[in-house]
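Have a look at the structure below, then the notes.
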Amino acid sequence: MSQINEKYKNNKQSKAFLKVKNKIKKKKINQNDKDEDLVIGNIPDLNKATKKKLPKIIQIKKNTKKLKREKELLSKLNSEEKQKAEHMLKVQKAILKSEGQKVYNEKSLKKRQKNMQTKKDKSRMKWENKKNKEQTNKNKKNKKNKNKK
């Protein structure tokens with residue numbers, strides 16, 4: 001094991017692999033499980049440790065695009081297919097909720113995006129005000145220094 005660590009010391013992918021391998025050891029997952037023991041909920045996702053979370057703004061944009069695509073697809077279908085598709089979407093969303101993932105509707109996504117934008121705007125205004133105050137203070141000091149000389 002130490003040879004592997006030395007060999008791949010600077011390689012980021014191998015570091016991630018080693019982390020996952022160590023987590024498997026800690027959880028003591030048996031590699032030789034029987035087929036009957038492998039139920040969908042019991043299968044470990046070994047890539048979870050290496051996945052990166054996206055920034056909130058990007059998550060919101062992705063979710064809104066997904067909802068728009070769903071609406072477009074539903075509008076193109078006829079009534080029977082539309083009902084089946086809506087039912088399938090509800091089932092998928094219920095499965096995602098049961099897995100612990102958050103499922104948003106369009107209204108809440110717009111509200112979240114608006115709130116984030118207002119926070120950004122406020123911080124920009126504060127920063128601009130701070131810069132302006134510093135600039136005016138520098139100008140005043142420069143004038144005082146010139147008058148003294």
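The values are calculated or read from the model by the stated rules, or taken from the named source; none is laboratory data. Small disclaimer: the values here were computed from a predicted structure and weren't measured. Heads up, the Cβs are rebuilt from the backbone with ideal geometry, glycines too, and the neighbour counts pull from every protein chain shown.
Table for the structure above
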{"quantity": "Some residue of region 48-55 being part of a loop (DSSP other than H, G, I, E, B), polar (S, T, N, Q) and modelled with pLDDT of 85 or more", "calculated": "no"}
{"quantity": "Residue count, region 89-121 (criterion: of a type outside the set (D, E, K, R), free of Cβ contacts under 8 Å to residues at least 40 places away in the same chain and in a helix (DSSP H, G or I))", "calculated": "11"}
{"quantity": "Positions within region 79-97 being of a type in the set (Ser, Thr, Tyr) and under 14 Å from residue 67 (Cβ atoms), in sequence order", "calculated": "none"}
{"quantity": "Among residues of region 110-149, those that are of a type in the set (S, T, N, Q) and farther than 30 Å from residue 68 by Cβ, counted", "calculated": "9"}
{"quantity": "Unique residue being out of contact with any helix residue (DSSP H, G or I) (no Cβ under 8 Å at 6 or more places or on another chain) and of a type outside the set (Phe, Trp, Tyr) when the list is 113, 135", "calculated": "135"}
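Every residue, every condition in (1) surrounded by 10 or more Cβ atoms within 10 Å (Cβ to Cβ); (2) touching a Gly at 6+ places or on another chain (Cβ under 9 Å); (3) over 17 Å from residue 57 (Cα atoms); (4) among the hydroxyl-bearing types (Ser, Thr, Tyr), yes or no:
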residue: 104; (1), (2), (3), (4): yes, no, no, yes
residue: 109; (1), (2), (3), (4): yes, no, no, no
residue: 116; (1), (2), (3), (4): yes, no, no, no
residue: 128; (1), (2), (3), (4): yes, no, yes, no
residue: 143; (1), (2), (3), (4): yes, no, yes, no
